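Visitor: The structure is given below, and queries will be raised subsequently.
The values are calculated or read from the model by the stated rules, or taken from the named source; none is laboratory data. All values reported here derive from a predicted model rather than from experimental measurement. Cβ placement follows ideal geometry from the backbone for every residue including glycine, while neighbour counts extend to all protein chains displayed. Accessible surface is based on the protein model in full, side chains and every heavy atom, while ligands, DNA and RNA are left aside. Shrake-Rupley method; radii C 1.70, N 1.55, O 1.52, S 1.80 Å.
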2 protein chains.
Amino acid sequence: MTIVQLEYIVAVDTYRSFVSAAEKCFVTQPTLSMQVQKLEDTLGVKIFDRTKQPVVPTEIGNDIIAQARVMLSEHQKIKEIISDRQKDLAGELKVGIIPTVAPYILPKIINQFIAKYPQVKLVVWEQTTEQIIQQLKLGMIDCGILSTPLHEPQLTETPLFYENFVAYVAKNSHLAKKKNINPDDINMEELWILNEGHCMRDQVLNICQRRKSSKGFQHFEYNTGSIETLKRMVDQNNGTTILPELALVDLTEKQLDKVRYFKSPEPAREISLVTQKNFIKRRMIDALKAEVLEFVPKRMKNKKKKDLIEI
Amino acid sequence: MTIVQLEYIVAVDTYRSFVSAAEKCFVTQPTLSMQVQKLEDTLGVKIFDRTKQPVVPTEIGNDIIAQARVMLSEHQKIKEIISDRQKDLAGELKVGIIPTVAPYILPKIINQFIAKYPQVKLVVWEQTTEQIIQQLKLGMIDCGILSTPLHEPQLTETPLFYENFVAYVAKNSHLAKKKNINPDDINMEELWILNEGHCMRDQVLNICQRRKSSKGFQHFEYNTGSIETLKRMVDQNNGTTILPELALVDLTEKQLDKVRYFKSPEPAREISLVTQKNFIKRRMIDALKAEVLEFVPKRMKNKKKKDLIEI
DNA sequence: TACAAACTATTGATTTTATCTATAGGCATG
DNA sequence: CATGCCTATAGATAAAATCAATAGTTTGTA
């Protein structure tokens, strides 16, 4: 018997359907079905009568579900013990973060963070990799969130996640017809990239192997530090740009149609939490890290089958 | 967070030691240590102060452990709901079981079974495989516990466990010097075997490939239907016999010294619960099955790396 | 202060478990 | 009796738990 299995039977009881219970639990229906079966096996009794439509709990199933709800509420209290304690965390935490990561992470976690740690003042600066490294060494900020490896012996890197790069392609591009693409498929002439100073600019150029051909004429040049601006350029004009995976979260259906994934191994960047070797404020930094990790999808925490692009 | 992790921290709190907590939980110390660490990671707090000897819970650790005890007691109640219901099971269950399995299974489970199911009358017959098959077909018994496969289309076999054969060797035998043995190492002249009618007799002969050589003279012949008798023959005279794994459970230290395991893949028999295709009393039979499975060690439930001997 | 004993942490291999995708099977309803 | 909705099953893959062996700590003792 596992806690998850209890959550599943409570969900099936609540929604009276395996399909919708599975949705609410963020798993597929077979996963949920099998776990419910397994629980029924270990207990040796049928909990649900599936011949009825909608499904109903059996007589003994009702008793079990009621007790499962009690147990889950006691389970919840363990977490509450922790969050009460977290209120103690106090002080100022200064964070440097690169602009190609910040908009896709911070807005998602900031509310939950300040609710959990009301005594902590979070001070964030959007800065380039170079600036963050300097500030860290000088002790002007407590930690940085940026793309690694940095090869800086004075600093400690703790990987948070591995983020794929994807192509974002206008309808009329030759890439739009492909399902998955190779870096080589990209014409440098139609590629929108960030201006200098951004590590992601260098990574994008690395992906495309700096094959900037001399043929063809650049009719104009555009300098921006914002990925969102590049995306709009593709939306409203044409061409192609490269987006980090987390930028896809808020896309509309229509925009998602423009996304083309790279063939495996997909190019990716490693995003890490970086601190000085001997840093203080460990608890606050751990809290920030936990918050980020909770938001990031599980698959992004695994480095396998990715082609990490250095700066 | 898993239920097992909570059991582990409660055990560490109770015994104030990772080593003895692990023993009580029937796992190794590293397993327990890692699960406790993992729980501390997911909660984001240290539960135990390991710099102290003996280990003591941290301040917040005490709160967590207290809540864990509450949760585990609610967990226990789920099982109680089931066992209350089980008291309902009533009627007579007639079971046929072969004599080479019965003494190693039934005495172990019978007390717990009648305590759990006070309304059930369990009627057991020790019989040979042939007899059990006949009785099952005639509906005179409800289920059989015997060595399979039987190749009887009218009957259904549900494997319960896979039991290795081992050699039991007198001190003065040439086998006593070996650590692990091959079936070929056994001299048929010094092998004590069951009399005819026992499926295990045929299996033992199969293991030793019926290499009964003509040289050598049998000074006497002994017929018994009891494995325990064969064992005594080895203990008090000499020679070798073959025992099923479960017969080792109650051996003394001295007797265990006489056990020689076969080299992998070890010869083994499959013991199954056998019923008619369309049988009734499903709930009682399921209950009996669950009881047996609870007693059998986990490793015996896995068929891998075993050389199943047919009858 | 150094040594032995007892305890906990770490590592690498192995087994077990959970999950997903794809597909089959079952039951109500028109 | 077909259609659609719902649950079960199968096969593959990824993740987690466990163990045996060993390294690293701490404590008590000489």
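Visitor: Peptide A:78-91: average number of partner chain Cβ atoms within 10 Å per residue? Provide the component values of the computation, followed by the final result.
Guide: Numbers: counts 12, 5, 1, 7, 7, 1, 2, 7, 2, 0, 1, 0, 0, 0.
Other-chain Cβ atoms within 10 Å of each residue's Cβ, averaged: 3.
Visitor: Just name one of B:Phe113, A:Tyr8, B:Leu248: the one whose Cα is farthest towards the positive end of the charge dipole of the protein assembly as shown (beta-carbon charges, Lys/Arg +1, Asp/Glu -1).
Guide: The residue sitting most towards the positive pole is B:Leu248.
Visitor: Still on this structure, I have one more. Have a look at A:Leu89, A:Thr156, A:Met71 and report the one farthest towards the positive end of the charge dipole of the stretch A:30-162, computed about the Cα centre with Cβ charges (Lys/Arg +1, Asp/Glu -1).
Guide: It is A:Met71, whose Cα lies furthest towards the positive end.
Visitor: Can I ask one more? For every other residue with a beta carbon closer than 12 angstrom to the beta carbon of A:Thr42, add +1 if it is Lys or Arg and -1 if Asp or Glu, then tell me the sum.
Guide: Numbers: positive: A:Lys38, B:Lys79; negative: A:Glu40, A:Asp41, B:Glu294.
Net of charged neighbours comes to -1.
Visitor: Which entries in A:Lys46/B:Lys87; A:Lys94/A:Lys277; A:Lys303/B:Lys304 show an alpha-carbon gap greater than 23 Å? Before the final figure, lay out each step's value.
Guide: Numbers: A:Lys46/B:Lys87 16 Å; A:Lys94/A:Lys277 16 Å; A:Lys303/B:Lys304 33 Å.
Among A:Lys46/B:Lys87; A:Lys94/A:Lys277; A:Lys303/B:Lys304, the Cα-Cα distance tops 23 Å for A:Lys303/B:Lys304.
Visitor: Okay, moving on. In deg cm²/dmol and to the nearest 500, what is the mean residue ellipticity at 222 nm of the protein assembly as shown if only DSSP H runs of at least 4 residues count, each as -39500 (n - 2.57), divided by the residue total? The partial results should precede the final answer.
Guide: Numbers: 20 runs with 250 residues, N = 622.
My calculation for the protein assembly as shown gives -12500 deg cm²/dmol from helical runs alone.
Visitor: A further question follows. Write down the accessible area per residue of the stretch A:3-86 in Å², having rolled a 1.4 Å probe over the full set of protein chains. Show your work: numbers first, answer last.
Guide: Values: 4370 Å² over 84 residues.
About 52 Å² of surface per residue is accessible.
Visitor: Against the longest alpha carbon principal axis of chain B, how many degrees, from 0 to 90 and to the nearest 10, is the axis of helix B:282-295 turned?
Guide: Value to nearest ten degrees: 80.
Visitor: Using alpha carbons only, how many angstrom separate the centre of the stretch B:254-311 from the centre of the stretch A:1-45?
Guide: 30
Visitor: Right, here's the next one. Given the options B:Val234, B:Val70, B:Val292, which has the most mean-square fluctuation in a GNM of chain B, springs set between C-alpha atoms less than 10 angstrom apart?
Guide: Looking only at B:Val234, B:Val70, B:Val292, the largest GNM fluctuation is found for B:Val70.
Visitor: May I pose another question? Roughly what angle does helix A:227-236 make with the longest principal axis of chain A, taking Cα atoms, 0 to 90 degrees, to the nearest 10?
Guide: Helix A:227-236 sits at roughly 80 degrees to that axis.
Visitor: What does the charge dipole of the stretch A:3-86 about its Cα centre add up to, to the nearest 20 debye, if the Cβ of each Lys and Arg holds +1 and the Cβ of each Asp and Glu holds -1?
Guide: Working: 10 positive and 11 negative charges, 31 e Å.
Dipole about the Cα centre, nearest 20: 160 debye.
Visitor: How much accessible area is lost when chains B and A come together, counting both sides, with a 1.4 Å probe, in Å² rounded to the nearest 100?
Guide: Details: alone 17240 and 17220 Å², together 32370 Å².
The B and A chains share an interface burying roughly 2100 Å².
Visitor: How would the stretch B:163-267 be classified by its alpha-carbon gyration tensor: rounded, prolate or oblate, with rounded meaning a/c under 1.5 and the a/b versus b/c comparison settling the rest? Intermediate values should be presented prior to the final figure.
Guide: Values: a/c = 1.22, a/b = 1.19, b/c = 1.03.
Note, shape of the stretch B:163-267 comes out rounded.
Visitor: If you roll a 1.4 Å probe over chain A with all protein chains in place, what percent of the accessible area is carbon or sulfur? Intermediate values should be presented prior to the final figure.
Guide: Values: 8110 of 16180 Å².
Using a 1.4 Å probe with all protein chains present, chain A comes out at 50 percent carbon and sulfur.
Visitor: In the structure displayed, which of A:Lys77/A:Lys289; A:Lys108/A:Lys281; A:Lys38/B:Lys301; A:Lys281/A:Lys306; A:Lys301/B:Lys298 lie more than 27 Å apart, Cα to Cα?
Guide: Values: A:Lys77/A:Lys289 23 Å; A:Lys108/A:Lys281 23 Å; A:Lys38/B:Lys301 17 Å; A:Lys281/A:Lys306 33 Å; A:Lys301/B:Lys298 34 Å.
Exceeds cut-off: A:Lys281/A:Lys306; A:Lys301/B:Lys298.
Visitor: While we're on this one: Taking the simple approach of a point 7 Å from Cα along Cα-to-Cβ for both A:Lys79 and B:Lys304, what is their distance in nm?
Guide: In this crude label model, A:Lys79 to B:Lys304 measures out at 3.5 nm.
Visitor: Largest first, please: the extent of the C-alpha atoms of the protein assembly as shown along each principal axis, to the nearest Å.
Guide: 105, 59, 55
Visitor: Need one number: nm distance between label points at B:Ala90 and A:Arg69, each 7 Å from Cα along Cα→Cβ, rounded to one decimal.
Guide: 3.2
Visitor: Can you pull the mean other chain C-beta count within 10 Å for peptide B:62-73?
Guide: Numbers: counts 0, 6, 6, 1, 2, 8, 3, 1, 6, 10, 2, 2.
Across the residues of B:62-73, the mean count of other-chain Cβ atoms within 10 Å is 4.
Visitor: When you look at the Cβ of every residue in B:149-155, what mean number of other chain Cβ atoms sits within 10 Å? Show your work: numbers first, answer last.
Guide: Numbers: counts 0, 0, 0, 0, 0, 0, 0.
Neighbouring Cβ atoms belonging to other protein chains average 0 per residue here.
Visitor: To continue, here is another question. Can you tell me the 0 to 90 degree angle between the C-alpha axis of helix B:29-43 and the longest principal axis of chain B, rounded to 10?
Guide: 40
Visitor: Next question. Is the shape of chain B best called rounded, prolate or oblate, per the rule: a/c under 1.5 gives rounded, else a/b larger than b/c gives prolate, else oblate, with a ≥ b ≥ c the square roots of the Cα gyration tensor eigenvalues? Kindly include the intermediate steps, with their values, before the conclusion.
Guide: Working: a/c = 2.83, a/b = 1.49, b/c = 1.90.
It comes out oblate by the Cα gyration axes.
Visitor: To continue, here is another question. In square angstrom, what is the accessible area per residue of the stretch A:163-267 with a 1.4 angstrom probe? Walk me through the numbers before you get to the answer.
Guide: Working: 5650 Å² over 105 residues.
Using a 1.4 Å probe on heavy atoms only, each residue of the stretch A:163-267 averages 54 Å².
Visitor: Next up: Using the per-residue mean of other Cβ atoms lying within 10 Å as a proxy for protection, in what order, highest first, do the peptides B:82-92, A:238-248, B:132-142 fall?
Guide: Result, highest mean first: A:238-248, B:132-142, B:82-92.
Visitor: Turning to a different aspect of this structure: Among residues other than B:Lys179 whose Cβ falls under 10 Å from its Cβ, what is the net charge (Lys/Arg +1, Asp/Glu -1)? Please list the in-between numbers first.
Guide: Numbers: positive: B:Lys177, B:Lys178, B:Arg260, B:Lys263; negative: none.
Residues close to B:Lys179 contribute a combined charge of +4.
Visitor: Placing +1 on the Cβ of each Lys and Arg and -1 on the Cβ of each Asp and Glu in the protein assembly as shown, which of A:Ala287, A:Ile145, B:Thr42 has its Cα farthest towards the positive end of the resulting dipole?
Guide: Value computed over the given set: A:Ile145.
Visitor: How big is the charge dipole of the protein assembly as shown about its Cα centre, in debye rounded to the nearest 20, if each Lys and Arg gets +1 on its Cβ and each Asp and Glu gets -1 on its Cβ?
Guide: On the way: 88 positive and 78 negative charges, 144 e Å.
Magnitude of the dipole: close to 700 debye.
Visitor: If you only keep lysine pairs separated by 8 or more in sequence, or across chains, how many in the stretch B:121-267 come under 14 Å at the Cα atoms?
Guide: Count of close lysine pairs: 11.
Visitor: Give, rounded to the nearest 20 debye, the magnitude of the charge dipole that chain A has about its Cα centre when Lys and Arg contribute +1 at Cβ and Asp and Glu contribute -1 at Cβ.
Guide: Numbers: 44 positive and 39 negative charges, 79 e Å.
That gives a dipole near 380 debye.
Visitor: Relative contact order for chain B using alpha-carbon pairs under 8 Å, separation at least 6, rounded to a whole percent? Working shown, then result.
Guide: Working: 445 pairs, mean separation 66.3, N = 311.
Relative contact order, chain B: 21 percent.
Visitor: Straight-line reach from B:Lys52: which aspartates and glutamates have Cα under 18 Å away, leaving out those fewer than 8 places along the same chain?
Guide: In chain and number order, the partners are B:Asp13, B:Glu40.
Visitor: While we're here: What does the extension gain come out to for A:Lys254 and A:Asn237, with contour length at 0.36 nm per residue minus their alpha carbon separation? Show your work: numbers first, answer last.
Guide: On the way: separation 17, 0.36 × 17 = 6.12 nm, distance 1.53 nm.
Once the chain is fully extended between A:Lys254 and A:Asn237, it gains 4.6 nm.
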